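Engineer: My structure is below; once you've seen it, I'll send some questions.
The values are calculated or read from the model by the stated rules, or taken from the named source; none is laboratory data. A quick note: this is a predicted structure, and the numbers were derived from the prediction, not measured. Using ideal geometry, Cβ is built from the backbone for each residue, glycine included, and neighbour counts are taken over all protein chains shown. Please note that ligands, DNA and RNA were not included when accessible areas were found on the heavy atoms of the full protein model with its side chains. Shrake-Rupley method; radii C 1.70, N 1.55, O 1.52, S 1.80 Å.
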Amino acid sequence: MTAHAEPLDKPYDLPDDHGHFGPYGGIFVAETLMLPLQELNEAYHRYMQDSEFLAELDADLRHYVGRPSPVYHAQRWSRELGGARIYLKREDLNHTGAHKVNNTVGQALLAQRMGKTRIIAETGAGQHGVATATVAARMGLECVVYMGAEDIKRQALNVYRMKLLGAEVVSVEAGSKTLKDALNEALRDWVTNVDDTFYIIGTVAGPHPYPAMVRDFQTVIGREAREQMLEMTGKLPDALVACVGGGSNAIGLFYPFIEDRSVRMVGVEAAGDGIETGRHSAPLCAGRPGVLHGNRTYLMEDEDGEIIETHSISAGLDYPGVGPEHAWLKDEGRAEYVSITDREALEGFHALTRLEGIIPALESSHALAYAMKLAPTMRADQTLLINLSGRGDKDMHTVADIEGIQL
Amino acid sequence: MSRLTTRFNDLARTHRKALIPFITAGDPDPEFTVPMMHAMVNAGVDIIELGVPFSDPMADGPVIQRASERALEHKTSLRHVLDMVAKFRRQDSTTPVVLMGYLNPIECMGYDAFAEAAGSAGVDGALTVDMPPEEAGALAPMLENAGVYPIFLLAPNSTDQRIQTIGAMGKGYLYYVSLKGVTGASHLDVSSVERKLRQIRRFTDLPIAVGFGVKDAETAAMIAGLADAVVVGSALINIIEKNLDRRETIESEIITLLESMRSHMDASVSA
């Protein structure tokens, strides 16, 4: 499947009514989920135009999440690298430490409006699970988080946080025991408990309306950043850089800039041990279109169409698919997608920590590492905005392990 | 005429209901599948649903998930499954075979290539679990052109409007998922199945098969009293899984269960 390239000369209004971004997206689920998805779609469209709902969402983002998050000019790091001036959108300063909460606050309000009493979620690194357990605790909703057994091992701290918040964390032993299997299991739960349960998907994947809905809740990142950059620098940034696993922080930053053709948009996938080794999580760079988890998008699959195991130092990027809107933006040429290895991501991690006193998440470190390549190729009057999607506290054990340090 | 239509016409003439076993191709290994298909036909089944293994079977419960995993350990791909059907057809030209699986292996092979290969292998129907009618506009006509009926699911929460749409698109039979949940769940509710089938029949004349939650001969007999066909899957795969170390007993235990379902179903329908 290839997209029919159509230049972006008209207002951007995707997806269509059935959730399609060109050939991507859509609703690929078993019949039992069709009605709940339709109900969700109706509720989402209704409340996104409901001023009372939007006011409550806005108040929660301001007073509970701590928005707006600042844009920070990383002067010392910029000087060190030479070239473009680098700015960071500080999503790491949000409550719970990452961009994930922007979406869970929104979906939880929607769940409440729809009268659902039980929340389920899938999680990889645990950030989305924590952000979901957080809003569920606040609203007094029952919360079950599905997490691959492998991820539970490497993210013990987040598992404990979710439990403290009152969530039940279910270890998923099927398949590769990672994020994709947790998503399968959450879908199985949802199909069994559709009447009282709201499924909060954590990224811009899944069946329609999730890719559009999660995007809309995350675009607060880009809307704020656009204004902040105009205010701080007097112009739009020349380039945006964000890491892409499922792609929610990237689309949240990119979306409000899609029609600003002068702004270059770069999504950074996880190259793991290197694209050439096959041990990576870079479907846009090295995969092909297919259907998984309710939508058509780029996937990592073998020659028979079986989904293959992915690898990344960062659990949050360790996913064989990617949001369908990114697949479309790639085919259209509106965004570029590149990849960064585990080793390069660690260099980005250390650089920001040592030069700016900010410890980034390993996911975000992929974006930082690519910026280290890109910034020196740009002029000093140009600006580069990186989405610092999360803080690195959760990754202390991973980084220490790699450096042979016992904590 | 399609083998599926012929089969349902014959059953209607003799006032019998179809017994449809589901096994995952390649489970516990690829050599097992074709002989088992013949043995099930000898035990009195009418149509065979053959599961195509997939790495991410999101509509299946743990039993069929593990069957898929065992089959994939032997690299049982969609192409292998089509080879198995072709092999089965050399000895059996009348029993309909329906493939049941997920869309991605078909996307990977290519819609036209799959439709052509399935048709020439002797596949009679394809039920693609994660392809609702809304997304079937490209594949369904290609399948029909190749003589393979697109088979669709109905669920307890399918609305009148959806039943109409799906009834108009489906061919061969409709597969009613008896409960909200995944395969192998244990709480099939006969009276709610009865109510829903009445609703479905207002909109379609296609035969209706009922699956999900049929565990034993008694349940099969009750469903046979309501529907045109009874699908049994996880109960058979449970037998495979429990006897992985005693391969020789798998076939006889599956046959015993199917024969018992057959006789209970025939007795309940003629009663």
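Engineer: Under 12 Å Cα to Cα from A:Lys394, which aspartates and glutamates show up? Leave out anything in the same chain fewer than 8 places away.
Structural biologist: Those aspartates and glutamates meeting the cut-off are A:Asp92, A:Glu363.
Engineer: Across the range A:68-82, in residue order, what do the Karplus-derived ³J(HN,Hα) couplings come to in whole Hz, using 6.51 cos²θ - 1.76 cosθ + 1.60 with θ = phi - 60° and x for Gly and Pro?
Structural biologist: Result, ordered by residue: x, 7, x, 9, 10, 8, 7, 5, 5, 5, 4, 4, 4, 7, x Hz.
Engineer: Within the range B:226-271, report the trypsin sites (Lys or Arg not before Pro) that DSSP leaves as loop and that have at most 10 other Cβ atoms within 10 Å.
Structural biologist: Passing sites in the range B:226-271 are B:Arg246.
Engineer: Below 8 Å between Cα atoms, with a sequence gap of 6+, how large is the relative contact order for the range B:3-263 in percent?
Structural biologist: Taking the mean separation of contacting Cα pairs over the length of the range B:3-263, I get 21 percent.
Engineer: Alpha carbon centre of the range A:382-407 versus the range B:213-271: separation in Å?
Structural biologist: Between the Cα centres of the range A:382-407 and the range B:213-271 lies a distance of 55 Å.
Engineer: Next up: Just counting partner chain Cβ atoms within 10 Å, what average do the residues of peptide A:283-292 show around their Cβ?
Structural biologist: Going residue by residue through A:283-292 and averaging, the value is 3.
Engineer: Return the distance in nm (one decimal) between the two label points of a simple spin-label model at B:Thr14 and B:Thr256, each offset 7 Å from Cα along Cα→Cβ.
Structural biologist: Distance between the two pseudo-spin positions: 2.6 nm.
Engineer: Right, another one. For a test of the definition: using alpha carbon positions, the gyration tensor, and the 1.5 limit on a/c, classify the range B:3-263 as rounded, prolate or oblate. Mind dumping the intermediate values first?
Structural biologist: Details: a/c = 1.37, a/b = 1.09, b/c = 1.26.
In terms of gyration-tensor shape, rounded.
Engineer: Contact order normalised by length for chain A, with contacts defined as Cα pairs under 8 Å and 6 or more residues apart; what percent is it?
Structural biologist: Relative contact order of chain A: 21 percent.
Engineer: Using protein chains only and a probe of 1.4 angstrom, how many square angstrom of A:Glu56 are accessible, to the nearest 10?
Structural biologist: Ignoring ligands and nucleic acids, A:Glu56 comes out at about 70 Å².
Engineer: When we measure straight from the Cα of A:Lys180, which aspartates and glutamates land under 12 angstrom away, once same-chain ones fewer than 8 places off are left out?
Structural biologist: Leaving aside aspartates and glutamates fewer than 8 places away in the same chain, those within reach of A:Lys180 are A:Glu122, A:Glu150, A:Asp151, A:Glu309, A:Asp318, B:Asp56.
Engineer: What is the count of Lys pairs in chain B whose alpha carbons sit under 21 Å apart, if the two are 8 or more places apart or on different chains?
Structural biologist: Step by step, the pairs that qualify in chain B add up to 9.
Engineer: At a Cα cut-off below 19 Å, give the lysines reachable from A:Lys235, other chains included and same-chain residues fewer than 8 away excluded.
Structural biologist: Cross-link targets: A:Lys89.
Engineer: Residues of the range B:108-135 with backbone nitrogen within less than 11 Å of a virtual label 7 Å along the Cα-to-Cβ line of B:Asn145, please, listed as ranges.
Structural biologist: B:112-113, B:115-116
Engineer: Taking the Cβ of B:Lys196 as the center, what net charge do the other residues with Cβ under 13 Å away carry, scoring Lys and Arg +1 and Asp and Glu -1?
Structural biologist: With Lys, Arg at +1 and Asp, Glu at -1, the net is +2.
Engineer: Still on this structure: Amide H to amide H under 5 Å from A:Ala361: which residues, 5+ apart in sequence or cross-chain, H placed 1.01 Å off N in plane?
Structural biologist: A:Gly390, A:Arg391, A:Gly392
Engineer: Still on this structure: With every protein chain left in place and a probe of 1.4 Å, what is the accessible surface of A:Asp216, to the nearest 10 Å²?
Structural biologist: Only protein atoms counted, so the area is about 40 Å².
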